[in-house]
Amino acid sequence: MNNENVVVLLEYVDAAWLSRQLGVTKQSVGKSAKSALKDGYRGSFPRPDATVEGRPLWLKSRFGEEQ
């Protein structure tokens, strides 16, 4: 049995990064993220994976390797 420790690093991106990838404003991403966090949300905008101090964050791996 291999007893090596495995460390998995998760990279999160913020609304500014996502807005550049999508070609929309940061404000638009923020508004859509707020809607996506509501119970019963059925839209197509990706729900944030985390929030830190009220700021939405998404796992970068959900959006491919673009930078």
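Things to note:
- Acute angle (nearest 10 degrees) that the helix 26-36 long axis makes with the longest principal axis of the chain, alpha-carbon atoms: 80 degrees
- Restricting the trypsin sites (Lys or Arg not before Pro) of region 3-67 to loop positions (DSSP other than H, G, I, E, B) with no more than 15 neighbouring Cβ atoms within 10 Å leaves LYS38, ARG42.
- Each residue, SER28 and LEU10, gets one label point 7 Å from its Cα in the Cβ direction; the gap between the two is 2.8 nm.
- Amide hydrogen neighbours beyond the local backbone of TYR12, cut-off 5 Å, H modeled: LYS60
- Available extension along the chain between PHE63 and ALA50 is 3.2 nm, counting 0.36 nm per residue and deducting the alpha carbon span.
All of the numbers you see were taken from the coordinates with simple rules; none came from a lab. A quick note: this is a predicted structure, and the numbers were derived from the prediction, not measured. A quick note on method: Cβ atoms are made from the backbone with ideal geometry, for glycine too, and the neighbour counts reach across all protein chains shown.
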